[in-house]
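Working notes, structure below.
The values are calculated or read from the model by the stated rules, or taken from the named source; none is laboratory data. The structure presented is a predicted model; accordingly, all values stated were derived computationally and were not measured. Every residue, glycine as well, gets a Cβ built from its backbone with ideal geometry; the counts of neighbours run over all protein chains shown. Side chains are part of the model used for accessible areas, which takes the heavy atoms of the whole protein and leaves out ligands, DNA and RNA. Shrake-Rupley method; radii C 1.70, N 1.55, O 1.52, S 1.80 Å.
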Amino acid sequence: MENIDLNKRRIKTEQRELTCEFQNMLDFNIDSEELLNKKEYSSFIQMEEFKRMYKVIFRIDKEGNYDIEVPGFKLPVERDTLIRKVKRTDAYKQAIKRLSKNLKNLYDEYTERYLSFYMKTPRIMLPPEFGEKLDSLQKPFLYSKDEFKIPKPNKQEIYNELKQESKEKFKFGFYNFMKKRKKYIEENLEERYKDSIELWEKKKEKHEYEEDIKYQNYKKQLELYNKEKYRLEKALKGDTEFIKESVKEILESIKLPVSLDFTYAINEKDVIIELKKPDEKIMPDKKVNILSTGKASVKNKTKKEFRDDYNYFVTGLTFFITGHIFNLSPKIENVYFTLFKYESGEKEYLFSVKYDRITFSKIKTDKLDSIEAIYAFTNSFDMYASGKFKTNDPLITL
């Protein structure tokens, strides 16, 4: 075990709730004649009235309890009688199957949010790719706003337009044609001028708005270019402060309904991370099975199922974080990841892995699981048959 005394940092992530909308609902239209026979209508008029389609809403909650609602219920029978009849319809049976399947999918999706870290591990960039990516960057062409070139209307122009129009309307020789021309110009000049100014201002406003959008897009592209150029230049140099800040950003970006407690440090070619064992209570502890009747059965996971899920979550998280760290700089050759807990005030190490870049780049996250994959690396990792981690000496400590 090697002890590293570096300028280490501690990061505690914010607790962010992962929500999953369990309340599910389906609504069907069921023909009232499927539910009621003629004897159950008090009159012919009521029978005709309720021959229309009647809406029935089916619900299921996160515990797998089903409920039926008939909005605006006014049928001339007891509600319980109606519900019993609804439960005998094909629509009800189909609703149960669909709601049960939806509930199972929601539980599976909720659990998958914890188990998917390993699958979301990014592809590791090879060292030459950093330089190639930098060389291929294209700075956006300088963009300056185009001025609005349409001149502002003036009264003389409008006067000339109206004068020409008046000649067309009141031809030479027309009775009092000169007087009528003059009157036409005087009656329309101010309004025509006002309308021309308003139209010009709208065109100018539209032009400036469109030019502003183009310029803002240019600024965004330039900002992205400068940011990526800066990142790649710092990455190629293996800039220490850049890597420290980038690791901090990666660790702080993890969103889970529990605060994660990391301590990390870096040297010339290594990133060393220690993670305090997250509380197991954050893991979903229930599962859904679909019975032969089509109904959903919500039960607690077995201890082994729950522990397996937790172990895949923790180990998958180490892969996810490590993948992002390797992509910070080609100078990073190894990422040491250690999980520990406090027992009676003493620090106990549960596992420790040395992820090296070459091996990590060959791992196929869609082929292996995160526990099997750990054994491809130098590790201090062992488990009991029950799935509990055995305490181990770490490869490196902070």
Practice task
Quote to one decimal, in nm, the extra length available between residue 236 and residue 186 on full extension: 0.36 nm per residue of separation minus the C-alpha distance between them.
Solution key: 10.5 nm
Completion exercise
Here, residue 205 and residue 277, labelled 7 Å along Cα→Cβ, have an inter-label distance in nm of 6.6 nm
Problem - Length added when fully stretched, residue 119-residue 379, from 0.36 nm per residue minus Cα-Cα - result: 91.5 nm
Completion exercise
Among the range 249-280, those whose backbone N falls under 18 Å of a label point 7 Å along Cα→Cβ from residue 227 are 249-254
Handout entry: Whole-number percent relative contact order across the range 326-398, with pairs defined as alpha carbons under 8 Å at least 6 apart
Key = 32 percent
Problem - Listed residue (143, 374, 396) projecting farthest to the positive dipole end of the chain, Cβ model - result: 143
Completion exercise
SASA check, residue 343, accessible area w/ 1.4 Å probe, all protein chains in place, rounded to nearest 10 Å², comes out at 80 Å²
Fill in the blank from the handout: Nearest 10, in degrees from 0 to 90: the angle of helix 303-326 to the longest Cα principal axis of the chain is 60 degrees
Practice task
Quote the accessible area belonging to residue 283 in square angstrom, nearest 10, computed with a 1.4 Å probe and with ligands, DNA and RNA left uncounted.
Solution key: 10 Å²
Practice task
Once you have a ≥ b ≥ c as the square roots of the Cα gyration tensor eigenvalues for the chain, tell me rounded if a/c is under 1.5, and otherwise prolate or oblate according to whether a/b is larger than b/c.
Solution key: oblate
Completion exercise
For the pair residue 261 and residue 80, the simple spin-label estimate (label points 7 Å beyond Cα toward Cβ) gives in nm 5.6 nm
Handout entry: Computed E for residue 10/residue 289 - FRET, C-beta separation, R0 51 angstrom, nearest 0.05
Key = 0.75
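How do 204-214, 345-355, 137-147 rank on mean C-beta neighbours within 10 Å, highest first?
345-355, 204-214, 137-147
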Practice task
Report, in deg cm²/dmol and to the nearest 500, the calculated mean residue ellipticity at 222 nm for the chain, where each DSSP H run with n ≥ 4 adds -39500 (n - 2.57) and the sum is divided by the residue count.
Solution key: -15000 deg cm²/dmol
Exercise for the section: Kindly work out what percent of the DSSP beta bridges joining two residues of the chain are antiparallel, to the nearest 5. Expected result: 80 percent
